[in-house]
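Peer 1: The structure is given below, and queries will be raised subsequently.
The values are calculated or read from the model by the stated rules, or taken from the named source; none is laboratory data. Bear in mind the structure is a predicted one, so any value in this text is a computation, not a measurement. Cβ placement follows ideal geometry from the backbone for every residue including glycine, while neighbour counts extend to all protein chains displayed.
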Amino acid sequence: MDNEAFYRSVEFYDDFNKLTINFVPFGGTTVPRIGKLVYLPSQGTRDGSGAYRVARVEYHFLPDGTKEQRDFRAAQLGKITVHVERIT
């Protein structure tokens, strides 16, 4: 995955197994709320597909290159990380 796609995506991350389960580009999904169940397919070599509960959601912001440097509040949403716990 290239850098641009990485920073324009929703990442589903399993904290217990230290594993990124899936990346979804912005616009490809809605961000689930804490406590909701999600069913995720896995990408990569380790099988992480299955049912998960959303534990927390992090929003990562980047400086907005279109604004003037002195406007310290100018930012754009760069990435969303949805931390999940596997349902057994």
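Peer 1: Pairs please, first residue from the stretch 73-88 and over 14 Å from Ile21 (Cα atoms), second anywhere and of a type in the set (Ser, Thr, Tyr) and outside any strand (DSSP E or B), Cβ atoms under 9 Å, 6+ apart in sequence or on different chains.
Peer 2: Ala74/Thr66; Gln76/Thr66; Gly78/Tyr7; Lys79/Tyr7
Peer 1: Test Gly35 against the criterion of being at pLDDT 90 or above, of a type in the set (Gly, Ala, Ser) and exposed (fewer than 12 other Cβ atoms within 10 Å of the Cβ), and give yes or no.
Peer 2: Taking the combined requirement at face value, the residue satisfies it.
Peer 1: Condition (residue is of a type in the set (D, E, K, R) and either closer than 21 Å to Ile87 by Cα or at pLDDT 95 or above (or both)) applied to the stretch 6-14: is it met by at least one residue? Before you say what the answer is, go through the steps one by one.
Peer 2: Within the stretch 6-14, the first condition is being of a type in the set (D, E, K, R), and the residues that meet it are 8, 11, 14.
Among the residues that remain, those that are also either closer than 21 Å to Ile87 by Cα or at pLDDT 95 or above (or both) are: 11, 14.
Yes: the stretch 6-14 contains one or more residues that are of a type in the set (D, E, K, R) and either closer than 21 Å to Ile87 by Cα or at pLDDT 95 or above (or both).
Peer 1: Tell me which of these Thr81 doesn't satisfy, since it passes every other one: (1) at pLDDT below 95; (2) under 14 Å from the mean Cα position of the chain (by Cα).
Peer 2: (1)
Peer 1: Hey, Gly48 hits all of (1) at pLDDT 85 or above; (2) touching an Asp or Glu at 6+ places or on another chain (Cβ under 9 Å); (3) surrounded by 15 or more Cβ atoms within 10 Å (Cβ to Cβ) but one; which does it fall short on?
Peer 2: Failing condition for Gly48: (1).
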